[in-house]
Amino acid sequence: MEKKVTKKFYLISAINIIPAVILGWGSLYDTLVMIGVLVALALNHHILVKIIASLATSMSDNASQESPLLRILGLLFAKMMLLGSVLVLAYYYNPALVPKVMLLMIFQLIIQVVSIKNNY
């Protein structure tokens, strides 16, 4: 069973641009940062789907393949570094933007849960 990020996820994530623009409070740079955070969160979901696909194939295949542990650990490291870098960069750009980034993460997390629930 192939696990993939569907076009519907990207479409619903594009709707999430509206809260990103609202949270930017009319500042062009803040709005661009929030849209950049949204792109990073969509990439984060893409990495999550790759992790799930790697786990599913490793559990369904026989022991004939080599262990996908390094691939999964690498993807987990990339996922955590992406989330951490989003928060750190938002903090260094403007510390007042961090709660807004967290709120946008919550909105995107809701979209991710609905996407995973409908696809798997």
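Table for the structure above
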quantity	calculated
Label assignment, Cα extents along the principal axes in Å derived from the structure, set [x] 39, 25, 24; [y] 47, 31, 25; [z] 56, 28, 16	[z]
Student exercise, region 15-120 dipole from Lys, Arg, Asp, Glu Cβ charges, in Debye to nearest 20	100 debye
Per residue, in Å², the accessible surface of the chain once ligands and nucleic acids are set aside, probe 1.4 Å	66 Å²
Accessible surface, 1.4 Å probe, highest first, among residues PHE107, PHE77	PHE77, PHE107
Carbon plus sulfur fraction of accessible area for the chain, probe 1.4 Å, in percent	73 percent
Among LEU55, LEU75, LEU38, residue whose mean-square fluctuation peaks in a GNM of the chain (springs only between Cα atoms under 10 Å)	LEU55
Label-point gap, in nm, between LYS7 and THR57 - each point 7 angstrom along Cα→Cβ	2.4 nm
Angle in degrees between helix 69-93 and the longest Cα principal axis of the chain, rounded to the nearest 10	0 degrees
Pairs from LYS50/LYS117; LYS8/LYS117; LYS50/LYS79; LYS8/LYS79; LYS8/LYS100 whose Cα-Cα separation, in the structure shown, is over 19 Å	LYS8/LYS79; LYS8/LYS100
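The values are calculated or read from the model by the stated rules, or taken from the named source; none is laboratory data. Because the structure is predicted, anything quoted here is derived from the model rather than measured. Positions of Cβ are generated from backbone atoms using ideal geometry, with glycine treated the same way; all protein chains shown enter the neighbour counts. Heavy atoms of the whole protein, side chains included, go into the accessibility calculation; ligands, DNA and RNA do not. Shrake-Rupley method; radii C 1.70, N 1.55, O 1.52, S 1.80 Å.
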